[in-house]
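Beneath this line is the structure, given in C-alpha cells, with notes to follow.
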Amino acid sequence: MHWIESIILGIVQGLTEFLPISSSGHLEIGKALMYSDVQMSLTFTVIVHGATVLSTIVVFRKDIYRLISDLLRFEWNDSTVYISKLIFSMVPVVIVGLLFEEEVEQFFTGNLVFVGSMLLITATLLIFSYYFRSKTKNISFLHAFIIGISQALAVLPGISRSGATISTGLMLGGQREKVTRFSFLMVLLPIIGANTKDLMDHNFSASGDITLLPLILGFVAAFVSGLFACKWMIKIVNRGKLIYFAFYCIAIGLAAILLG
C-alpha cells in the first residue's frame, strides 16, 4: 500500500465512521464501479478502526472517566445503570457477529441495487427522526436494546451505523445530545472485540502485510478526521440537521440502483 493511499483511506474511514452515510455502502459502490475486489490489509483495517476508537475516547473522555470512576466504586449508581444499558445494547450485534458472520458476508458482493436500497433505508430513518420524534425521555433498557437492534442491522452495506442508531434513539424520544453520546459509546467494545477476534484468527506469518509508514500515516489520518467528524456529528445532531444527509443518501442510493 502506497503512503498516499493509506492517508486517503484513513481519512475516509475517520469521516464515514461517524457521519450517517455508510462507509461499507460506499466501499461496495467503489468496488463495483472499479470492477475490483478491494480489500484493505487486516493490519491496516485494525489500525484505522483503532484510531477512530481513540478519537471517540478523546471526545468523550470526561464521560468515560466518570463512568469508569463510578464503576470502580462497586455500587449501583447512575453510571453503572448507564454502563448496563450500553452492554445491553451490544447484545444484538454480538449475536449477529458470532452466529451470522458468513450470512452477512454474502451481502458484500458489490450488488449496487441492494446497497442503494439500504442507503434509501438509511435516508428514511434520518427523515423519520426529523419529522416523527416523540416526547423527550431518558434512554431505558428497552430503548437501549432497540437501538442495539438498529446497530446490528447496520452490518449490512448501505445502512449507516451512526445514522440508524441515532435516528432510532431520537424516534424513541431521546434527547439529541444523550442519544449521540450513547450511539458513539455503544460501538466501542464491539469494534475492539471484532478487531481482537480478527487479529487472533489472522495468520500473519503467511501474509505480506504493509510496512510501518503507511500504518502510521493511516492511523494519524483516521484519528484526526475521526476527531473532526465526531465533534461535527455532535453539532449536526444537536442542531437537528441530520435530514441533509438523508438527501445525500437518497441521491447516492438512487444512483447506485440505476447503475446496478
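The values are calculated or read from the model by the stated rules, or taken from the named source; none is laboratory data. This one's a predicted model, so the numbers in the text were calculated from it and none came from an experiment. Don't worry about glycine lacking a Cβ; one is built from the backbone with ideal geometry, like all the others, and counts go over all protein chains shown.
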- Task: Within region 214-251, track down each residue that is within 22 Å of Gly173 (Cα to Cα) and of a type in the set (Val, Ile, Thr).
- Result: Ile234, Ile236, Val237, Ile243
- Task: State whether the residues of region 240-253 include one that is part of a helix (DSSP H, G or I), buried (at least 16 other Cβ atoms within 10 Å of the Cβ) and in contact with an Asp or Glu (Cβ under 8 Å, 6 or more places away or on another chain).
- Result: no
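Residue-by-condition table, conditions (1) closer than 20 Å to Thr165 by Cβ; (2) modelled with pLDDT of 95 or more; (3) surrounded by fewer than 17 Cβ atoms within 10 Å (Cβ to Cβ); (4) touching a helix residue (DSSP H, G or I) at 6+ places or on another chain (Cβ under 6 Å):
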position: Ser84; (1), (2), (3), (4): yes, yes, yes, no
position: Pro92; (1), (2), (3), (4): yes, yes, no, yes
position: Leu99; (1), (2), (3), (4): no, no, yes, no
position: Val104; (1), (2), (3), (4): yes, no, yes, no
position: Ser117; (1), (2), (3), (4): yes, yes, no, no
position: Ile121; (1), (2), (3), (4): yes, yes, no, no
- Message: Anything in region 119-148 that is closer than 20 Å to Ile95 by Cβ and in contact with a Ser or Thr (Cβ under 8 Å, 6 or more places away or on another chain)? List them, or say none.
- Response: Phe141, Ala144, Phe145, Ile146, Ile147, Gly148
- For region 137-158, enumerate the residues that are buried (at least 24 other Cβ atoms within 10 Å of the Cβ) and among the β-branched types (Val, Ile, Thr). Ile147
- Item | Members of region 72-108 found to be of a type outside the set (A, V, I, L, M) and in contact (Cβ under 8 Å) with a residue 12 or more places away in the chain, listed by number | Ser79, Tyr82, Ser84, Lys85, Phe88, Ser89, Pro92, Gly97, Phe107, Phe108
- Item | Enumerated helices (runs of 4 or more DSSP H) restricted to region 96-195, each holding at least 2 residues that are of a type outside the set (A, V, I, L, M, F, W, C) and farther than 24 Å from His26 by Cα | 176-185
- Message: Tally up the residues in region 235-257 that are more than 19 Å from Phe184 (Cα to Cα) and either hydroxyl-bearing (Ser, Thr, Tyr) or free of Cβ contacts under 8 Å to residues at least 24 places away in the same chain (or both), please.
- Response: 3
- Task: Just need a number here: residues in region 51-84 that are part of a helix (DSSP H, G or I), closer than 18 Å to Lys231 by Cβ, out of contact with any Cys (no Cβ under 6 Å at 6 or more places or on another chain) and of a type in the set (A, V, I, L, M, F, W, C).
- Result: 6
- Among the residues of region 173-189, is there at least one that is over 16 Å from Ser89 (Cα atoms), crowded, with 19+ Cβ neighbours inside 10 Å and modelled with pLDDT under 95? yes
- Within region 50-63, can one find any residue that is farther than 26 Å from Ile139 by Cβ and at pLDDT below 85? no
